[in-house]
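Quick notes on the structure that follows.
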Amino acid sequence: MLPNPNDLLPAMASALTQHLNQRQIAEPRFIGIRTGGVWVAQALLAALGRDDALGVLDVSFYRDDFTQNGLHPQVQPSELPFEIEGQHLVLIDDVLMSGRTIRAALNELFDYGRPASVTLVSLLDLGARELPIRPDVVGACLSLAANERVKLSGPTPLTLELQTLAN
């Protein structure tokens with residue numbers, strides 16, 4: 001049974017607030033990874049009671065499997081309404097699996113400048129990492145079978161769906 005994303009958000013907001021306070025980060029810049037990460041970021045900002053500008057990353061061109069999978073038809077430019085250089089960033093994604101999307105996001109962000117820090121927030125951590133990337137704040141950790149994936153639908157309401165890949 002998959003968790004309800006809306007049930008995870010209050011604890012994520014609390015954990016993120018604690019994380020930022022411990023690091024004395026008063027003015028973080030929030031960035032969602034298109035598309036699910038943007039939806040989670042919007043819901044998380046609402047749970048935090050914040051109306052900060054939200055940056056949007058589309059990491060399609062930065063993925064290392066781009067040549068294998070081709071270009072997704074809905075590729076859009078990234079939108080970062082603030083400077084990256086020297087900023088404390090909160091990078092938000094929906095599902096952390098292999099870590100390759102986060103690696104691509106970090107590569108893209110560093111093309112815009114060198115942030116002071118990057119805090120990683122993920123709604124779900126599937127523990128199937130291929131790279132040494134772990135979220136600082138996570139809603140829930142799940143273990144799936146090799147042929148299973150989780151899809152986030154949204155933005156309102158946010159819902160999770162278990163999908164089984166064909167063999």
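Values as computed for the structure displayed
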quantity	calculated
Residue within the range 140-149 that is modelled with pLDDT of 95 or more and among the charged types (D, E, K, R) present	no
Considering residues of the range 1-37 that are hydrophobic (A, V, I, L, M, F, W, C) and free of Cβ contacts under 8 Å to residues at least 24 places away in the same chain only, the residue surrounded by the fewest Cβ atoms within 10 Å (Cβ to Cβ)	M1
Selection within the range 32-56 - among the aliphatic types (A, V, I, L, M), touching a Phe, Trp or Tyr at 6+ places or on another chain (Cβ under 9 Å) and closer than 15 Å to I84 by Cα	A53, L54
Among the candidates G86, G113, residue that is at positive phi and either open to solvent by 30 Å² or more (accessible area, probe 1.4 Å) or within 18 Å of the chain's Cα centre (by Cα) (or both)	G86
Members of the range 19-41 that are of a type outside the set (S, T, Y), in contact with a strand residue (DSSP E or B) (Cβ under 9 Å, 6 or more places away or on another chain) and either in a loop (DSSP other than H, G, I, E, B) or farther than 20 Å from L106 by Cα (or both)	R23, I25, A26, E27, P28, R34
Residue count for the range 116-132, restricted to those that are crowded, with 17+ Cβ neighbours inside 10 Å and hydrophobic (A, V, I, L, M, F, W, C)	6
Residue list for the range 97-107, filter: within 16 Å of R29 (Cα to Cα) and open to solvent by less than 10 Å² (accessible area, probe 1.4 Å)	A105
Filter pass, P77 being over 27 Å from S143 (Cα atoms), open to solvent by 10 Å² or more (accessible area, probe 1.4 Å), out of contact with any Cys (no Cβ under 8 Å at 6 or more places or on another chain) and modelled with pLDDT under 95	yes
Pick from the range 133-154, criterion within 15 Å of N4 (Cβ to Cβ) and not aliphatic (A, V, I, L, M), ranking: most open to solvent (accessible area, probe 1.4 Å)	K151
Complete set of residues in the range 42-69 that are part of a helix (DSSP H, G or I) and modelled with pLDDT under 95	S60, F61, Y62, F66, T67, Q68, N69
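The values are calculated or read from the model by the stated rules, or taken from the named source; none is laboratory data. Note that the coordinates shown come from a computational prediction; the quantities given were computed from them, not determined experimentally. Neighbour counts run over all protein chains shown; Cβ positions are idealised from the backbone, glycine included. These area figures cover heavy atoms from the full protein model, side chains too; ligands, DNA and RNA do not enter into them. Shrake-Rupley method; radii C 1.70, N 1.55, O 1.52, S 1.80 Å.
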